[in-house]
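Here's the structure, in structure tokens; my notes come after.
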Amino acid sequence: MCHALCVVVPDDSASFSQGVEVPLETDLQTLDTCGQSFVYPFYMRYEHTRVPPPQPPLPQPPSYVNYSLDGYTMGRIWSYRRSVAAAWGDGIQAGDISNQNWGPPPGNDYGYAYLLASLDATLQQRDSGQWCGGLNISSLAEAERTAYGWFTYFANVNGTLAPFMNLTRMDVVGTDHGLSKMPYVRDTRRSVGMNGFRLLYPDLASSPNTSSPTATHFPDTIAIGDYLYADMHHMATCEPFYPSYLGNASVKPFYIPYRALTNQDFTNLLVAGKTMAQRYGIINCNIAYQPELICGLCHRTQLSRQQCYPPSSDRMEHRPGCWRCRDIDEPETDHHFQLVR
């Protein structure tokens, strides 16, 4: 799936955060079992001929999950992530294949327990020799049952279509069980960057120049990004505990600084994607290529990260021989990265 199951391995010597920061986004204190929901996607195909019921029978969903279309039509949900369309529009046509990744609940999104084990349980896994990736195994199992339940519910919404609805397996999703090989992960453990840096919501939503169409530009910018909003899928069991600052969701085209790819305790570690130094839930896309790029630039210039971006009292400074990302507002060039002279 587009979001790989990859988490920061807990280590006593590497600073990281897990869960949502409370009571303010600037705090390092977190609710370590309250984050975003996750999901096991699957693919459904509307066949030309009737299909027999799945064998063996699919697992029953958890008793506490109540499915519904929640005001949407079946065609709208079907076409939202339709992968193969026999015809244009929201209609369901024989030969269609639909990727089901729907939620928050009542779809197959699972928001009743966190993907990650608590910090105490994670360290116990590590120290006892019973390492399970720091994951909540029972939560994974419940999410699988929830996904199967959504297939059963959604396939039978329309009695006329139901006999033709098929859960694809090896032919499409590549598994015998019909669910994705990995869960769709929205947040994970996150690094604390050099000098304690973490990307915060204002970094993506505003700029010191209030008329700027983009968000905060960092002197050590190494990437640009954009999304419709800060897309957060809250867990149902944590709704009473989410802090009020999470109500802000709009973002501008934004910049990612080099510092977000670092860890304050290791000089030779670069992180990527959801594990980079950031507040809970503000960047859900994967930023996977910058560490390779930075390693290449460091090798080419024979400069370390400290030499390129030494700490100062209030800002990061460029040094001659180092590189920076071209500003969105600067003229186009053949290279997005420019040498600092």
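The values are calculated or read from the model by the stated rules, or taken from the named source; none is laboratory data. Values in this document were obtained by computation on a predicted structure and should not be read as measured data. FYI the Cβ positions are ideal-geometry reconstructions off the backbone, even for glycines, and counts take in every protein chain you see.
Structure notes:
- Number of residues in the stretch 15-57 that are closer than 30 Å to Pro163 by Cβ and among the hydrophobic types (A, V, I, L, M, F, W, C): the value is 4.
- A single entry from Thr146, Thr122 fulfils the requirement of being more than 25 Å from Pro61 (Cβ to Cβ), touching a residue at least 60 places away in the same chain (Cβ under 8 Å) and polar (S, T, N, Q): Thr122.
- Flag if Trp150 is surrounded by 21 or more Cβ atoms within 10 Å (Cβ to Cβ) and outside the structural domain of Arg259 (by TED's automatic domain parsing): yes
- Only one of Asp176, Asp70 that is among the charged types (D, E, K, R) and more than 27 Å from Pro56 (Cβ to Cβ): Asp70
- Some residue of the stretch 228-235 being of a type outside the set (D, E, K, R), at pLDDT 90 or above, touching an Asp or Glu at 6+ places or on another chain (Cβ under 7 Å) and within 27 Å of Leu140 (Cβ to Cβ): yes
- Residue ID - modelled with the lowest pLDDT, chosen from residues in the stretch 279-291 that are surrounded by 20 or more Cβ atoms within 10 Å (Cβ to Cβ) and under 12 Å from the mean Cα position of the chain (by Cα): Ile287
- Filter result for the condition that a residue is in a loop (DSSP other than H, G, I, E, B) and assigned by TED's automatic domain parsing to the domain that holds Thr73, over Val157, Val172: Val157
- Taking every residue in the stretch 199-211 that is in the same structural domain as Val20 (by TED's automatic domain parsing) and pairing it with any residue that is acidic (Asp, Glu), at least 6 positions away or on another chain, the pairs with Cβ-Cβ distances below 9 Å are Leu200/Glu25; Tyr201/Glu25; Pro202/Glu25.
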